[in-house]
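Everything below concerns the one structure shown next.
The values are calculated or read from the model by the stated rules, or taken from the named source; none is laboratory data. What you see is a predicted model; the values in this text were computed from it and never measured. What goes into the accessible areas is simple: the full protein's heavy atoms, side chains included, and nothing from ligands, DNA or RNA. Shrake-Rupley method; radii C 1.70, N 1.55, O 1.52, S 1.80 Å.
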Amino acid sequence: MNDVRILIVEDDKSIMNLISITLKINGYSYLAAEGGAEAISLCALQHPDLILLDLGLPDMDGTEVIRTVRSWSAVPIVVISARGEDKDKIDALDSGADDYLTKPFSVAELLARIRAVQRRLQYSRSSSEEQSVFVNGGLRIDYASSLVTLDGEELHLTPIEYKLLTLLAKNVGKVLTHSYIIDHIWGNGIESDIVSLRVYMAGLRKKLKQNRDTSLIQTHVGIGYQMIRL
């Protein structure tokens, strides 16, 4: 039995059944809500480890649920929605969602997203030493000394590259939108800052990749960036 308890928020009974059966078969415990108000109440009372949230709920929009929950909880929220436009994804992520899965989805992809959340939860519950030192595969960030190494070799980063890397590391596994990153790195950003962000991110990714087949940083075209947990 997995130690992750999941709250499913979905008013479509067929999709609710698909998700709940999938979770049950794979050993997850779960709670279910068909509306936003019920979801907020269950989250406050039951403290789930993860929320799978539809946006089109009968009593309120899912983004309102996200904002309400985010006012007092950091529980991971994965949106599962038929809304596939970039604007919908950006609105949900900017409201505080951690990930976005578009309907129709495969069971394998859903389980992969849940496993990614499990890895994040395990990391957040790790030792106090890891609170000052971040490790992800061969990447190591010592926040106290601002030292970054990759496979044991020091990486020489510009101040902006270091800020970008630590922002992504502190949100590992989470998709960060362009506006979120720009606001945290440069303050109140403007549209042209996206060009600067892409330039700095390209330089950072080049330094991180080195002799690797895959990059630690994944691009979500039109949306933002995500550090992958290895």
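With axes computed from alpha carbons, what is the tilt in degrees of helix 36-46 against the longest principal axis of the chain, rounded to the nearest 10 within 0 to 90? So the inclination is approximately 70 degrees.
Against the main long axis of the alpha-carbon atoms of the chain, helix 193-209 sits at an angle near 70°. Surface composition of the chain: carbon and sulfur atoms hold 51% of the protein heavy-atom accessible area at a 1.4 Å probe. For VAL79, the residues 5 or more places off, or on other chains, whose built amide H falls under 5 Å of its own are LEU53, ASP98, ASP99, TYR100, LEU101.
Please give the per residue accessible area of the chain, computed with a probe of 1.4 Å over protein heavy atoms only, in Å².
On the way: 11350 Å² over 230 residues.
Heavy-atom accessible area per residue stands at 49 Å².
Once backbone amide H atoms are built at 1.01 Å from N, LEU31 has ILE6, LEU7, ILE8 as its partners under 5 Å, excluding neighbours fewer than 5 places away on the same chain.
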